[in-house]
Structures are given as C-alpha cells and as structure tokens.
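In what follows, a single structure is set out as structure tokens and then discussed.
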Amino acid sequence: MAIVRASESNIGVGLIPLTGIILDPEAQRFTGYLRLTLSYQACRNTLASNLIVAERVVYPVVNGLLPTGAIITPNDILQPQHTFYWAEYVSASGGLVATNQFAITGTGPFDIGQAQPTPVTTSNLSFNADLGAGVANVCNFPGADASQKIANAAASLPAAGGTIDTRCLSGNQVFSQDPFAAVGTKWITVIMGGAIFTSSVNVTVPATVHLAMLAGAVISMNAGTTLTIQGSLEGSSISLHFAGAGVVRPVQSAIPVLYPQWWGALGNTTNDTAAIQAALKAGVVGNPVRFPLGTYQVTTSLTIGSS
C-alpha cells in the first residue's frame, strides 16, 4: 500500500479541486495561507488503496483566491468514516487568523469559500460565536459547568450529529455529570480546547463520539472515577491530555495510537515510569503505544494490562 499526502496528484485517485473566494473578518478578500490537516493521523483512500497521512497541506491565498492547482482528497472516499479537515487561515506575516473544519465531499470542484453548514462543516471562516447549524459553540449554551454546557450543546444538534466546539473555555473546568450521557445515536466530534476538565463522576465517551484533543486539553479524572472511551480519540503527541488519580479505559481499538506523553511523559531523561505505565494499561485492548524520540527513564517493572 502506497503512503501519500492528501494533495499528491501523481499518486492519489479521486482528488478534487479546491475553489472559492475566501473572505477575511471584514468581508474583504483574504490574503495569506490555507492549511489543511486530516482529522485522523492516517486514512485509507478506498479508491486507490493508498494510505493518506495527515501531513499538513498548505496553499497560498492571494486576494481571496487559491492557486489553480489546489487539490485535496475528499473525505467521502476515506476510511475510517466521519473524517474531516482542520482548516487554519494564516496571515501573510504568519499569524493564525482563524480555524475551521470541513467535510470535503463529491467529485469537485469543492467551493471552500461558500461551503454551507452540514453536521461537520461550517461556512467560510469561523469568526462568529455562532458557527452555524451542526456546529455548536458550548459558550452559547446554558449550564453551571462545562459538562452541562456540552450536554446542552449535544442536545441542540440535529439527529445526524455535528460538532461541539469547547475552545471558548479555558482554565479549570468541571464535569459534575457525564456530558455525553444523552448523545444517543448522534455522530459527534467534540473539539476539546486548551482547558483542564476535572471530573468528579464516571464519564463514558460513546462509540459515536470522536474526541479531538487540542494541545493543552486535559481531562483529569478524580480518584475512584473512570473515563471509558468507546469512541475514537486523537491528540497531540507532545501534550498532556490525561491527569488525576482516576482511570482512563479505552474499550476498543478505534484510537489509532496512544502516547505516554498523554499521561505526562517527557522523554527527556526524567522519571516517566508512571506515565508509561498508565499508557500501557490504557492500551490493553490493542491500541498501540508509540514512543516519540527521546530518552525515557523507567525505575520499576512495567505491567501491560489492568492487573
């Protein structure tokens, strides 16, 4: 199986053109760069049987226009299903202007400037707090804490599902209830932004929920509680994502890979025993544990599994 990037026209099959006029927050034509990254670390192109890796694809945008050769692999021919592209809009000077996400589908061309809201697509740039139908900003919903806001945001989504964006939250946040208890059969992507979400209760992430853990997003489970992950999850290979004395327990292999860094490993000759042990226990159902390049100090025997 060939391994290709999402924009390699010489190998990929099913690639489609990207078109459209991209506007800035003042409704003027945007000039800068569009960066696109697959939501999964690797996906299979079902038409070409290629493995598409989640390398960042970058296209210049001049006076609102993409280059004529801008192409991308559409999400509807990729496996696993329910993938999307992270879109980052970067100014000519290199500053991040906005972020967005698109499910790019069809035979093209795909008008990224006029994409209409769908369960996993927002329209144009995400500058407004209201991201459109199918994308719920948790800060637009009532709730005494983050868990209640997420639950109310999930309830607002259509039956097909959508995206819940928590990036408006920061600092220390609280889960006083399971935020996913009433998700049902909705397919939902939850973007966990740079905040610490501390849970005093058991939390179950259903099989229909995909957690996208951005850098700085941490779920901290108190002693005696368990985070059960039945769905899929992705996170930064260099960021802490799980903390606390509670248990993190994936129950299927939908998570492509686990990193000890998610539990606090540094790989810089400091004692990483506890973080590595936590990752090995979490990977008992077949999730591979990957060690980024570094020097890991282990001071005791390690156990694979929950015993």
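Here are the numbers:
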| read-out | value |
| --- | --- |
| Convex hull volume of segment 135-289 per residue (C-alpha atoms, cubic angstrom) | 96 Å³ |
| Distant-in-sequence amide H partners of Ala136 (H built 1.01 Å from N, under 5 Å) | Thr163, Ile164, Asp165 |
| Two-decimal Rg/Rh across segment 210-307, once Rg and the Kirkwood Rh are taken from alpha-carbon atoms | 0.93 |
| Peptides ranked, highest mean first, by Cβ atoms within 10 Å: ranges 90-103, 256-269 | 256-269, 90-103 |
| Mean Cα-pair separation over length for segment 135-289, i.e. relative contact order, pairs under 8 Å, 6 or more apart, % | 15 percent |
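Values quoted throughout were computed directly from the atomic coordinates according to the rules given, and no laboratory measurement underlies them. Since we're looking at a predicted model, the values are computed, not measured. All Cβ positions, glycine included, derive from the backbone under ideal geometry; neighbour counts span all protein chains shown.
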